[in-house]
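Okay, so here's the structure we're looking at.
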Amino acid sequence: MAGDGKTEQPTPRRRQKAREEGQIARSRELSGSIALIGSVLVLSWSLPSMLGAWRDFTRVTWLYAATHDLTVSTPLLMWTAEMSIRWAILPLVAAWLLATVVSLAQGGLVFAPASLTPRLDHLSPVSKMKQLFSITAVSELLKSLVPAVAIVYIAVQVLGREWPATALIPSGINGFATHLAATSFEIAWKSSLVLLAWSGFDYLIVRFKHEDGLKMSREELREEYKQTEGNPQIKARIRRLQRSTRRSRMLKDVERATVVVVNPTHFAVALEYGPNLPAPVVLAKGRDHLAEQIKQTARWHGIPILENPPLAQALYRTVEVGQSIPAKLYAAVAEILAFVYRMQARAAERRSN
């Protein structure tokens, strides 16, 4: 039962691990009851032909016994075994097939090597004695007694009802065999229905216990998350390092920018343009503190900084780092680049003079 704070639903990984260990919701009683119903139906279908076969076998056996001495070497034992196998093979095959199908339907085909690992506690006499006198063993015993009592009650009722009719059976083996087969079949199919109803209830109990046993505590959820996704603190540190590395690389790229377009206090976008580029490319962008770092880098390396709030915001929101600017911004950026080139030309002319 779920306890010790195990209130959380199991994760897919927890279910898969339990399945690998052979822990699945599977009721043996359900498989057995359906197998019993199948064998009873097969017996009822083959009963007329089997009664005739057993009648002929009995007549032949009595005739043989009347004319021969019965010894160990007589084929009577072999005939009986062959007849019993012919009578039982179809019900047994039907029961096995139905039990296999129902078992697979409950949990599928499971190969669990972990469940085959030898465990010393399973071989301990002390643990076995504890299991025999545990609450679980008592509950299993009581659970088995309920359908057993119901079956005994059905058998007593049917036999008590048919007992007066037994005395009215005409003399002869045929009448008695037919009456006995009909009575046995009635007891069998009614008992099978009782077992089916009880096994359905047992399956619900097994499934509830299985689901309850798979529940997890919050601590187990955190540990599983760490195992599958990694420690959150380590992942957060890795993300911080990655962001720091990207910022350092981006600020390094600002050194080759042609111009930095800024909104005076919030946004900064560094653009590069040259003869080998079909369109200006965004080298770096940032807001607030990162924008201030981009502007400081640009001032340190003598890169022009121009204020154009609408263009700075448009570039920041629509263009990623490393991408070319969209065609709709060509005109605005071209005006800025032309202004920068004019300024650079004038500065170069003043230096030459």
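The values are calculated or read from the model by the stated rules, or taken from the named source; none is laboratory data. Every value quoted in this text rests on a predicted model; they were computed, and no experiment measured them. Note that each Cβ is placed from the backbone with ideal geometry, even for glycine, and that neighbours are counted across all protein chains shown.
Note on segment 7-59: residues that are part of a helix (DSSP H, G or I), touching a helix residue (DSSP H, G or I) at 6+ places or on another chain (Cβ under 8 Å), more than 29 Å from Leu98 (Cβ to Cβ) and modelled with pLDDT of 75 or more amount to 2. Close Cβ contacts (under 8 Å, 6 or more residues apart or on different chains) running from residues in segment 44-72 that are in the same structural domain as Ser192 (by TED's automatic domain parsing) to residues that are at pLDDT 75 or above and of a type in the set (D, E, K, R) comprise Ala53/Arg86.
Is it the case, given these coordinates, that Arg237 is surrounded by 13 or more Cβ atoms within 10 Å (Cβ to Cβ), out of contact with any Leu (no Cβ under 6 Å at 6 or more places or on another chain) and either modelled with pLDDT under 80 or over 25 Å from Ile294 (Cβ atoms) (or both)? Break it down into steps so the answer makes sense when it comes.
Numbers: surrounded by 13 or more Cβ atoms within 10 Å (Cβ to Cβ): no; out of contact with any Leu (no Cβ under 6 Å at 6 or more places or on another chain): yes; either modelled with pLDDT under 80 or over 25 Å from Ile294 (Cβ atoms) (or both): yes.
No; evaluated as a whole, the condition is false for this residue.
Of the residues making up segment 129-164, just one is at pLDDT 85 or above, small (Gly, Ala, Ser) and farther than 19 Å from Gly200 by Cβ, namely Ala155. In segment 312-330, the count of residues that are aromatic (Phe, Trp, Tyr) and without any contact (Cβ under 8 Å) to a residue 24 or more places away in the chain is zero.
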